[in-house]
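See structure below.
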Amino acid sequence: MGEFEVHRVRFFGLVPAGVRCMAYQHRGCRLALARTDGAVEVYNFAANYFMEKAIPGHQARSVEALCWAAGERLFGAGLSGDITEYDLERLRPARTVDGFGGPIWSMAANNDGTRLAIGCEDGSVKLFQVVPGGVQFEKNLDRQKGRVLCLSWHPSGTHLAAGSINFIRVLDVRSGNELPQRGSKKRECVVWSIAFLSSGTVISSDSFGRVQFWDWERGTLQDSHTVSTSAVLSLAVSEEEDSIVVGTSAGATYQFQLLPVKAGGQEKRWVRTKPFQHHTHDVRAVVHTPTALISGGLDAQLVIRPLMEKVQKKGYDAVLRKFTFPHRRLVSCARKARLLLFQFSQHLELWRLGSTNKTGTPHSAPPHLQGPEHIYCSCVSPCGSWIAYSTASRFHLYRVQHEGDSISVKKVPGVPKLLLPAYQLQCASDSGRLFVASDRGSVHVVQLLEPGGCKHLHTICVWCCSGTREAVYLLASSADGNWLAAVSGDWEVHIYSLKHFKHHCTVPTYSCAVTALAIHPATNNLFISYSDQQLFEFSIPEKQYTAWSRMVQNSGLHKLWLERDSPITHIAFNPKNTSQILLHDVYMLCVLDKSLPLPDNNTLLVNQSTLKQLSEPARRRQLHAFKICKKFQPLLFADLLDERCLVTVERPAVDISAELPPPVQQKKFGT
Amino acid sequence: MAALCEAFTLCGLGPTGGVGLGSGLLALEPGADPDHVLLTDRGRTATLFKVSDQKPLGCWSVKHGQIITCPVVCNFETHEYIAVHDNKVLRIWKDKDVNLDKVFKATLSAEVYRIHSLPHAEPLVLFRGGGVRTLDVLLEAPQQEIENVISDELKTIFFLSLCKYKLEQQELSNPLCFTAYIKKQIITLLCLYSSNSVYKVLIPLQQNSEEEEQTLSKSLLLNLSISGSVLKGTSFVVLDKDHVAVLGSLAASECLTIWNTKFQTLQASKELPLGTSGQLWCYGEKFFFTHGKVLTVVIYKCETSSLAAAVGKLKDSQTSDLSSFVNWNTLGDEELLVSCQSQQSVALKSESKMMVILKPMPCTSELHGISHFQDASTAAVEDELRQLLSKAQRPDFQAAIGCVISALINRCKADPMFYPRNFLVQMIQKRELSYSLCPDLMAVALEKKDVHLLQICLQRFPDIPEEITYACLKVFLSISDDYLERTDVDLESVISYIDIEPNNKEVKTEVVENGFSTELEEDGCDVTGMKETHMMDSVEFCPVGPQKAALLNAVLHSAYSETFLLPHLKDLPAQQAVLFLRYLHYLYVKCSEKINTTLPGVLSPTISQIMDWMCLLLDAHFTVMVMLPEAKRLLSSMHKFVRAQVRFYSELNKIEGSLQELQRIKCQKDSQAYSIEVLELI
């Protein structure tokens, strides 16, 4: 196929925020995760662990605890003292209620999801009722000295266990009375996490590195395990209550299981069974699903470790998964101007790529966009003279002027008042229009006017034709400016004619999340990648899947392709060769050549190094459609600048760990 | 997997039994409680039974001279019982009523055929003339006129929607029993014909043209034949979407059978030696039928069939099912098949249709002379099998395939002309088979010298015995290259390093990277320089043809245990051993040319496989090799090559530190923030 000039960029200084807390919803197989910067993400386990929803954070909104309640409603509480309900359709906080107890350290929902208990800085435990349209204060339970760091409901919903510094209390929910309290008073012992089992056992984990089992009625210690020299920060119990997982500040997680003392005997004890070391820093959150242990750490990693004895067959779920980077594109590229725009949580960076014939370094011109709100999305126009971004409440458009090597950024006045936030921004290839994805499946079309103005042209609304309430999260526009494809949160792909501002057609529904899509500049075929790693090509003019796409579905993709970890986050096309498509995920870059045969399961999928050794005729026999390069890792972005020029943006793991605080010192053998 | 469980007697039906007074059973209807049934005899009495307790709860009878003409049903809404006696007199009563003379009575204008009662619906009264009324409409005006819609000549069926359809006429057979259910706005009518098959008729629920008489086409759902003999069904019920139960007579005795309609297989059967009345009812996972002079209840279970359930992989599966299944060796055995059938073995039945195809291999001796006919039959069998296998994937497919292949092989053995090669190749390539699943397959292929099949087997089967591996090796080495050129062998493992164009022996362009060169060799302690270069030439070119090389690669690729292979390997003729060793030497040299010491291509042997086989072969033939003059040159060349390699690696060890430093520098270079590089994609 030939050689590419690769601009290998490693200066994107993204440091993903650490994982603060998690909540797993058993029925919907969804995991909600909050990061230390207040961002909330929802992972759909049924769609190959795809990060389905992301709600960017806010400087003033920290999230200390997350709960699913009343079915599929998600609540968060944090040090601001508010209980926040998240709107998972419009991807923003829906409403907040003040807890009136100072910063909230913990929150727990009872088994049927009708009540929330919060533990506050002032030592109080408050109950809230989950009602349609919000939460309602119900009562205060007895107040004690010391912040309530963790809470757990008894499965029957009659009692609450609360852990604070030096104390574990069990509270009767109806009377609000307190039962005998337990704790040590010698040294300050922080109870970090607590669980209340239906048998009446209270499990606590504390800053001394102990996991302790208490009998709540008598208040006696039944069992104590010291798992670590540092604190045990998090704890989670399986639904059957026969297994727990704990996470320590040394980055290790341990599984405990309730096992018979003798084989076949009745007497059972908690035994520490499996240690795992997947993290380098604090494991602040753990979750125990029926088939896997999930841990999230301050090193920003989400680790899903399947329990092999619970997995019935070898498949996607039976493999260890690690996620560090969001399943979203944070980089946008101005192909013509050779600019890269990096999106951070609170600022943007614009860089110019260098060239080989001139001696020059890349330039950066970070527009000053500081504010308390985090950025939802951003984009740079292909010509490089427009930059747009959106936060939860504001939409900004900038005009960039290049004078030689210097850059001046000027705010465009009179930006139309649109329904905000925007979830995705996309500039037309002639830089004349900006597409703004909004909620309820609508897309605003904004015309960009020289020398620095804009006008709201039209709003296309999916809601009118499909009734979706979900926000649009991905956009793709065609090079000829006639078509626009939009994906809303219910995974429907709608295609609009931009000539008539009319709905053109809908891509047949596929039961998986769309991870990336793009419209081919020459053929107007829409190329879609799904989170189960399937690839589809849909002809917009003909309103049907193309012959190639049908052929792919008939013969099936390679097994190793389908078992890949991370979703494809960007699709680009070779402007000169219509059969070549560039795809990438975090671990690989692939040029898909549609003119070549598909590999079957017996052929080598990643065969570049083998091909290099072969003679020309042998090579021709071995060629297949997927040309995969794994040289660039972890890859956050890759794009074709022109036919023979690639840009890749990497974020080496070493660079991230260098920016994290030093981990807990651990003695290693032989050092 | 459906199964019949325990049976018990609900009540006696004889004159002494108290019920029915010997006049037999009219019908059985469900009672208000799931555990209750209403039994109506052909005389005057209706009895309510509690099935689990096997005792009657109530009994009602009409006056002498009157006769109940229509089965008593229960109105599920009101918990009342409805009966018709003397064709026209309707009676409705409750549990607490004792005397039927004193309960509600209505005399109708037409003769009632049946009353249908369904949960959550008003009971429907079907008149003998075909008219239908709901009970409440009827009771408003009992004397209303009832239309006559059935004409006797036609076999017509009436539905509650009052549409009239005509069924396709079937020659020589009559419908015996009907049943129907509604699913997705379509009425599915199942119909048992006297031709011993069950037909399915789909009737859409749209009432487009009520006047016109539509003719419905029917499709064959199930053929009630068990390995040749035919079950003469008398009545049947639908259990779920895949299962029906048929009561009928097989050969002499009557039996109750459960059939899977999806797979066309018999799932369970129970012999009823005392005879039945031919009626079968089924309420709440229980069959009811008369057996001899008693009303018998049989509990059944009906679950989806799966292999996982059979071999115990499925959770909560019952271990008792296991025993009837797992002996794979006996699966193909027809005698056993028959005996299994009589034991109601459920697993084997699922293959019965396939066996039916394979079994009529009538007198193979007759077909011997007529070769073209034999060919046709091979093709026919292949076709038939392919069609069968192209049907939907089933959970117990793997066992079925093993069974089919064993049967095919058995026939191959019996009849030398029969050899469905294409089908076998396809089977091995597509399905995850193993040697133990079809043990005789490779033996037959060896006999037929079908090298392609053997190659695929060696590549795919994980569990080939060493004896067979050796036999394959021997066959491969003994077949001439000329013969092989004409056969179809998968060359994928060799095309990457052997030039398959025969006349294109051009100079090798690849750079010798891994430390071996003739110069290095020169400084050794050899004396015969001329001979040396001659030897090198022979290493440059493959000593065997590409086809043979591909076959030998397949042998190298297969798993083996040294202890078991060595005794067999000793039997290899010396000439063949030398040839094989020469090929291994060639591979070894080829491997060492590359930095990563791997051969390119798919399924090509790894260096450790090559080395292991080399050592094994030398161990097995050590004395012979030392004696043979032509082996001497080969051995000395190999010795030199190995020595050169050892020397090269020891040199590499010396500069290990420097190499590591180079590696470190390369890593450092990687950590630059920005670089423009060249990437080559092929």
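Condition check ((1) assigned to a strand (DSSP E or B); (2) outside the structural domain of A:V443 (by the TED database); (3) modelled with pLDDT under 90) across all residues:
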site	(1), (2), (3)
A:L474	yes, yes, no
A:A486	yes, yes, no
A:D490	no, yes, yes
A:H500	no, yes, yes
A:P508	no, yes, no
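Which of the residues that make up the stretch A:602-622 are open to solvent by 40 Å² or more (accessible area, probe 1.4 Å), under 23 Å from A:S555 (Cα atoms) and either touching a strand residue (DSSP E or B) at 6+ places or on another chain (Cβ under 9 Å) or facing another protein chain (nearest Cβ under 7 Å) (or both)? Please lay out each step first, then the result.
Pass one, the stretch A:602-622, residues open to solvent by 40 Å² or more (accessible area, probe 1.4 Å): A:602, A:604, A:606, A:609, A:612-613, A:615-617, A:619-621.
From what's left, under 23 Å from A:S555 (Cα atoms): A:602, A:604, A:606, A:619-621.
Scanning the stretch A:602-622 gives A:N602, A:L604, A:V606, A:R619, A:R621.
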- [ ] Would you mention how many residues in the stretch A:27-43 are surrounded by fewer than 20 Cβ atoms within 10 Å (Cβ to Cβ) and either touching a Leu at 6+ places or on another chain (Cβ under 8 Å) or within 14 Å of chain B (Cβ to nearest Cβ) (or both)?
- [x] 1
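What residue, among those in the stretch B:16-42 that are of a type in the set (V, I, T) and modelled with pLDDT under 80, is surrounded by the most Cβ atoms within 10 Å (Cβ to Cβ)? Write out each step before concluding.
Filtering the stretch B:16-42 down to residues of a type in the set (V, I, T) leaves B:16, B:19, B:37, B:40.
Going one step further and asking which of them are modelled with pLDDT under 80, we end up with B:16, B:19.
Working: B:T16: 9, B:V19: 22.
Filtering first and then ranking leaves B:V19.
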Open item on the list: For the condition under 30 Å from A:P663 (Cα atoms), aliphatic (A, V, I, L, M), open to solvent by less than 20 Å² (accessible area, probe 1.4 Å) and modelled with pLDDT under 90, what is the one hit in A:L339, A:L348, A:L353?
Closed with: A:L348
- [ ] Taking B:V298 as the residue in question, decide whether it is open to solvent by less than 10 Å² (accessible area, probe 1.4 Å) and within 24 Å of B:C11 (Cβ to Cβ).
- [x] yes
Open item on the list: I'm trying to understand the selection: among the residues of the stretch A:55-77, which are over 17 Å from A:L298 (Cα atoms) and of a type outside the set (G, A, S)?
Closed with: A:I55, A:P56, A:H58, A:Q59, A:R61, A:C67, A:W68, A:E72, A:R73, A:L74, A:F75
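Out of the residues in the stretch A:8-23 that are among the β-branched types (V, I, T) and open to solvent by less than 20 Å² (accessible area, probe 1.4 Å), state the one that is farthest from the other protein chains (Cβ to nearest Cβ). Write out each step before concluding.
First pass over the stretch A:8-23, keeping only residues among the β-branched types (V, I, T): A:9, A:15, A:19.
Remaining after also requiring open to solvent by less than 20 Å² (accessible area, probe 1.4 Å): A:9, A:19.
Numbers: A:V9: 6, A:V19: 27 Å.
Here the residue is A:V19.
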Open item on the list: Cβ-Cβ under 8 Å, sequence separation 6+ or interchain: first residue in the stretch A:506-520 and farther than 16 Å from A:L640 by Cβ and without any contact (Cβ under 8 Å) to a residue 40 or more places away in the chain, partner surrounded by fewer than 22 Cβ atoms within 10 Å (Cβ to Cβ) and polar (S, T, N, Q). Which pairs?
Closed with: A:Y510/A:Q534
Task: From B:D537, B:D619, B:D526, residue being at pLDDT below 85, open to solvent by 70 Å² or more (accessible area, probe 1.4 Å), away from chain A (no Cβ under 14 Å) and more than 39 Å from the chain's Cα centre (by Cα) - done: B:D537
- [ ] For A:K668, state whether it is more than 11 Å from every other protein chain (Cβ to nearest Cβ), at negative phi, surrounded by fewer than 15 Cβ atoms within 10 Å (Cβ to Cβ) and basic (K, R).
- [x] yes
Task: Candidates A:R644, A:R651 - the one that is touching a residue at least 60 places away in the same chain (Cβ under 8 Å), buried (at least 20 other Cβ atoms within 10 Å of the Cβ) and more than 8 Å from chain B (Cβ to nearest Cβ) - done: A:R651
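Give the residue, chosen from B:C438, B:C457, that is under 20 Å from B:W613 (Cβ atoms) and modelled with pLDDT of 80 or more.
On the way: B:C438 fails: under 20 Å from B:W613 (Cβ atoms).
Being under 20 Å from B:W613 (Cβ atoms) and modelled with pLDDT of 80 or more holds for just one of B:C438, B:C457, which is B:C457.
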Task: Residue under evaluation B:F648, criteria (1) of a type in the set (A, V, I, L, M, F, W, C); (2) away from chain A (no Cβ under 14 Å); (3) over 30 Å from A:E616 (Cβ atoms), criterion not met - done: (3)
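Give the stretch A:623-637 a look and list any residue that's at the interface with chain B (Cβ under 8 Å from one of its Cβ atoms) and either open to solvent by less than 20 Å² (accessible area, probe 1.4 Å) or within 31 Å of the chain's Cα centre (by Cα) (or both), or say none.
From the stretch A:623-637, those at the interface with chain B (Cβ under 8 Å from one of its Cβ atoms) are A:623, A:627, A:629, A:631; that's our starting set.
Within the stretch A:623-637, A:K627, A:C629, A:K631 qualify.
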Open item on the list: Residues that are more than 30 Å from A:P326 (Cβ to Cβ): list the helices (runs of 4 or more DSSP H) wholly contained in the stretch A:534-620 that include at least 3 such residues.
Closed with: A:547-555, A:608-613
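Condition check ((1) within 18 Å of A:L31 (Cβ to Cβ); (2) open to solvent by 20 Å² or more (accessible area, probe 1.4 Å)) across all residues:
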| residue | (1), (2) |
| --- | --- |
| A:W216 | no, yes |
| A:S224 | no, yes |
| A:A231 | no, no |
| A:Y254 | no, yes |
| A:L258 | no, yes |
| A:K262 | no, yes |
| A:H279 | yes, no |
| A:V283 | yes, no |
Task: Candidate set: the stretch A:478-509, residues that are polar (S, T, N, Q) and open to solvent by 20 Å² or more (accessible area, probe 1.4 Å); chosen: the one nearest to A:F573 (Cα to Cα) - done: A:N482
Task: Elements of type strands (runs of 3 or more DSSP E) in the stretch A:230-291, at least 1 residues being within 25 Å of A:P16 (Cα to Cα), aliphatic (A, V, I, L, M) and touching a Gly at 6+ places or on another chain (Cβ under 9 Å) - done: A:232-237, A:283-288
TODO: Among what's in the stretch A:444-453 and is in contact with a Gly (Cβ under 8 Å, 6 or more places away or on another chain) and surrounded by fewer than 20 Cβ atoms within 10 Å (Cβ to Cβ), pick the residue that is modelled with the lowest pLDDT.
DONE: A:G453
TODO: Please indicate, with yes or no, whether at least one residue in the stretch A:557-567 is among the charged types (D, E, K, R) and touching a strand residue (DSSP E or B) at 6+ places or on another chain (Cβ under 7 Å).
DONE: yes
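To keep it simple, each residue is scored yes or no on (1) open to solvent by 20 Å² or more (accessible area, probe 1.4 Å); (2) within 14 Å of chain B (Cβ to nearest Cβ); (3) closer than 25 Å to A:C120 by Cα; (4) hydrophobic (A, V, I, L, M, F, W, C).
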| site | (1), (2), (3), (4) |
| --- | --- |
| A:V6 | no, yes, no, yes |
| A:Q25 | no, no, yes, no |
| A:A47 | no, no, no, yes |
| A:F50 | no, no, no, yes |
| A:Q59 | yes, no, yes, no |
| A:C67 | no, no, yes, yes |
| A:A70 | yes, no, yes, yes |
Task: Positions within the stretch A:155-179 being touching a residue at least 40 places away in the same chain (Cβ under 8 Å), touching a Gly at 6+ places or on another chain (Cβ under 9 Å) and either open to solvent by 40 Å² or more (accessible area, probe 1.4 Å) or assigned by the TED database to the domain that holds A:R218 (or both), in sequence order - done: A:L179
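Counting just the residues of the stretch A:95-113 that are among the aliphatic types (A, V, I, L, M) and either buried (at least 22 other Cβ atoms within 10 Å of the Cβ) or at pLDDT below 90 (or both), which one comes out farthest from A:A161 (Cα to Cα)? Working first, answer last.
So in the stretch A:95-113, the residues among the aliphatic types (A, V, I, L, M) come out as A:97, A:104, A:107-109.
Going one step further and asking which of them are either buried (at least 22 other Cβ atoms within 10 Å of the Cβ) or at pLDDT below 90 (or both), we end up with A:104, A:107-109.
On the way: A:I104: 16, A:M107: 12, A:A108: 10, A:A109: 12 Å.
Among those that are among the aliphatic types (A, V, I, L, M) and either buried (at least 22 other Cβ atoms within 10 Å of the Cβ) or at pLDDT below 90 (or both), it is A:I104.
Working only within the stretch A:454-477, note down all residues that are open to solvent by 50 Å² or more (accessible area, probe 1.4 Å) and of a type in the set (S, T, N, Q).
We begin by selecting, within the stretch A:454-477, every residue open to solvent by 50 Å² or more (accessible area, probe 1.4 Å); these are A:455-459, A:463-466, A:469.
Scanning the stretch A:454-477 gives A:T459, A:S466.
The values are calculated or read from the model by the stated rules, or taken from the named source; none is laboratory data. Fair warning: this is a prediction, and the values are worked out from it, not measured in the lab. With ideal geometry, Cβ positions are generated from the backbone for all residues, glycine too; neighbour counts draw on all protein chains shown. These accessible areas exclude ligands, DNA and RNA; they are computed on the full protein's heavy atoms, side chains included. Shrake-Rupley method; radii C 1.70, N 1.55, O 1.52, S 1.80 Å.
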